[in-house]
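The values are calculated or read from the model by the stated rules, or taken from the named source; none is laboratory data. Bear in mind the structure is a predicted one, so any value in this text is a computation, not a measurement. Quick reminder, even Gly has a Cβ in these numbers, built from the backbone with ideal geometry, and neighbours come from all protein chains shown.
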């Protein structure tokens, strides 16, 4: 096989393998209530897709942040709720569900 063809095949194979890795689902069994945002990102092996809501309350001092993770093939979306940087709850987003109200 000629060198240009080998190089092209190597590139195509690497591209296919890389793109398949991005289709990996979000493994919610790897997270637990009380984990920090950093711990959740490490457990899920990815950063959130989006911050969908955030609110700062002053009495008592509380910060709520809702982040979005999308699963395999972008067919499932999950909202993860953090209160003062600790995971409080999560759920799969329903088909007619809008942004969370906090």
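Per-structure values
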read-out	value
Qualifying residue in the range 51-71 (condition: modelled with pLDDT under 95 and either part of a helix (DSSP H, G or I) or touching a helix residue (DSSP H, G or I) at 6+ places or on another chain (Cβ under 6 Å) (or both))	no
Residue match in the range 20-34 (condition: exposed (fewer than 11 other Cβ atoms within 10 Å of the Cβ), assigned to a helix (DSSP H, G or I) and modelled with pLDDT of 95 or more)	no
Enumeration of residues in the range 35-45 that are at negative phi and either outside any strand (DSSP E or B) or touching a residue at least 60 places away in the same chain (Cβ under 8 Å) (or both)	35, 37, 38, 39, 40, 41, 42, 43, 44
Enumeration of residues in the range 78-93 that are in contact (Cβ under 8 Å) with a residue 24 or more places away in the chain and part of a strand (DSSP E or B)	78, 79, 80, 82, 86, 87, 88, 89, 90
